[in-house]
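Below is one structure, written out as structure tokens, with a few remarks after it.
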Amino acid sequence: MTLIYKARVPTNIAFLKYWGKSDATQQWPANDSLSMTLDLYSETLASREPLPAQAGAYAFSSDQALTASEAFLHKGLRHLQWLAAQLDFSERIYLHTRNEFPASCGIASSARGLGSLTLAALACWTQSSSLSQLASCGFTRERIAQLARAGSGSACRSFWGGFVHWQRGETAQTQSVLPLASQDHWDLRDTIVIVSTQEKLISSSQGHRLAPTSVQFVPRLARLPARLAEFQTAILQKNIRQLGQLLEEEALEMHAVMASSQPPCVYMSEATQTFLQFLQEIRVQKALPIYFTLDAGPNVHLIYEARHQEAVASLLKTYQTIDVGISSGPSLGTETAQDGHH
Ligand code: PMV
């Protein structure tokens with residue numbers, strides 16, 4: 001009988017964006033960020049025995065990639081080796097990571113992918129079958145989030161459900177992640193409009209590195225503390241119009257920093273612009289409180305209150321979309337497999 005540890009970690013969409021680092025090695029962000037945790041997961045299975053082949057999964061052992069090398073495998077393997085060295089775990093473990101809606105559909109998967117890889121590896125190394133057992137081995141949620149952060153900065157926000165605030169702190173060591181409001185505080189939805197499934201040409205690591213070359217970077221940092229306070233108020237008071245205005249201002253500002261970096265990083269495509277114009281027209285015609293935000297990519301996230309879900313769906317009939325709600329956070333469990341099969 002083989003024991004398999006199964007970790008599921010959700011992705012998150014940033015409302016206030018993390019763009020630019022104060023220290024790349026320690027993943028110390030240049031500014032605070034704030035996100036909503038989404039009901040869209042990566043799942044990692046981890047075991048001390050080799051796992052049987054699984055369609056669509058990225059396979060690793062803690063010391064080598066077991067399927068063809070791709071960007072995620074490279075990042076994932078580097079992170080596993082870092083974790084093993086950092087925590088002094090020498091035992092070889094085997095892992096499979098699979099994304100709900102694969103990375104190739106154009107939705108950022110590094111937060112959930114690296115998050116679930118971290119959680120499953122720690123569970124397997126410490127033989128913990130639940131989050132509370134992991135905590136009793138010294139791996140509290142805070143510590144796991146900080147370890148996942150080394151693999152992908154935004155992954156640290158995925159360890160809590162609802163609305164989450166990543167504080168940059170005064171030093172790299174004092175950054176912290178705090179839940180702002182739980183998943184049932186406000187029933188918001190995110191409809192992701194897939195205008196392109198192309199892999200992005202500039203990785204977010206490269207983009208973060210270039211951010212300070214934009215003349216708009218320093219003025220942006222100066223504006224952010226006030227914007228953070230406004231975001232917090234809008235969320236706590238469930239004020240969708242205020243939230244919407246802030247979301248759009250913030251997304252466009254991040255893209256302005258990207259586009260004015262040297263060399264420029266242009267993540268929006270013509271299809272993004274066309275969709276945003278379409279959204280503007282809808283707003284004039286229907287006065288619906290639906291607002292957009294953008295990630296480091298061409299796809300558009302529409303944020304709105306759940307009661308408008310049908311209206312949104314009927315407007316978007318001709319688009320490829322993924323509808324997601326708010327997640328309550330990660331989960332960890334175990335399964336057994338006979339003779340290495342499950
Ligand atoms: O965590 P990274 O390095 O993939 O960077 C995330 C960058 C954005 O998604 C654009 C913003 C954010 O805060 O999530």
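The values are calculated or read from the model by the stated rules, or taken from the named source; none is laboratory data. Quick caveat: nothing in here was measured; it's all calculated off a predicted structure. Positions of Cβ are backbone-derived with ideal geometry, glycine not excepted, and every protein chain shown enters the neighbour counts. What goes into the accessible areas is simple: the full protein's heavy atoms, side chains included, and nothing from ligands, DNA or RNA. Shrake-Rupley method; radii C 1.70, N 1.55, O 1.52, S 1.80 Å.
Can we say SER130 is touching a strand residue (DSSP E or B) at 6+ places or on another chain (Cβ under 7 Å) and surrounded by fewer than 17 Cβ atoms within 10 Å (Cβ to Cβ)? Here the answer is yes, as SER130 does meet what is asked. Tell me whether region 152-168 contains one or more residues that are more than 16 Å from the ligand (Cβ to nearest atom), assigned to a helix (DSSP H, G or I) and in the same structural domain as PRO10 (by TED's automatic domain parsing). No, region 152-168 contains no residue that is more than 16 Å from the ligand (Cβ to nearest atom), assigned to a helix (DSSP H, G or I) and in the same structural domain as PRO10 (by TED's automatic domain parsing). Restricting attention to region 283-322, the residues that are at pLDDT 95 or above, of a type outside the set (S, T, N, Q) and under 30 Å from ARG141 (Cα atoms) total 7.
Counting only residues that are farther than 11 Å from LEU117 by Cβ and open to solvent by less than 20 Å² (accessible area, probe 1.4 Å), how many does region 38-61 have? Break it down stepwise before answering.
In the first step, residues of region 38-61 are kept if they are farther than 11 Å from LEU117 by Cβ; the result is 38-41, 47-57, 59, 61.
When the remaining residues are screened for being open to solvent by less than 20 Å² (accessible area, probe 1.4 Å), the result is 38, 40, 47, 57, 59, 61.
Number of matching residues: 6.
For region 6-29, the tally of residues that are away from the ligand (no atom under 11 Å from the Cβ) and open to solvent by 10 Å² or more (accessible area, probe 1.4 Å) stands at 7.
Across region 196-223, what is the total count of residues that are of a type in the set (A, V, I, L, M), within 13 Å of the ligand (Cβ to nearest atom) and in contact with a Ser or Thr (Cβ under 9 Å, 6 or more places away or on another chain)?
Initial filter on region 196-223 (of a type in the set (A, V, I, L, M)): 201-202, 210-211, 215, 218, 221-222.
Going one step further and asking which of them are within 13 Å of the ligand (Cβ to nearest atom), we end up with 202, 210-211.
From what is left, the residues that are in contact with a Ser or Thr (Cβ under 9 Å, 6 or more places away or on another chain) are 210-211.
Looking only at that region, the number is 2.
The rows are residues; the columns are (1) more than 16 Å from the ligand (Cβ to nearest atom); (2) touching a helix residue (DSSP H, G or I) at 6+ places or on another chain (Cβ under 8 Å).
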site: GLU270; (1), (2): yes, no
site: GLN285; (1), (2): yes, no
site: ILE290; (1), (2): yes, yes
site: ALA296; (1), (2): no, yes
site: SER327; (1), (2): no, no
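A count restricted to region 207-240 and to residues that are open to solvent by less than 60 Å² (accessible area, probe 1.4 Å) and hydrophobic (A, V, I, L, M, F, W, C) stands at 11.
Just so you know, in region 178-206 the residues that are open to solvent by 30 Å² or more (accessible area, probe 1.4 Å) and touching a Cys at 6+ places or on another chain (Cβ under 7 Å) include one that is nearest to GLY244 (Cα to Cα), and it is THR197.
When TYR291 is tested against (1) closer than 30 Å to PRO50 by Cα; (2) touching a Leu at 6+ places or on another chain (Cβ under 6 Å), just one condition goes unmet, and that condition is (1). Among residues of region 241-262 being among the charged types (D, E, K, R) and crowded, with 18+ Cβ neighbours inside 10 Å, the one that is nearest to the ligand (Cβ to nearest atom) is GLU250.
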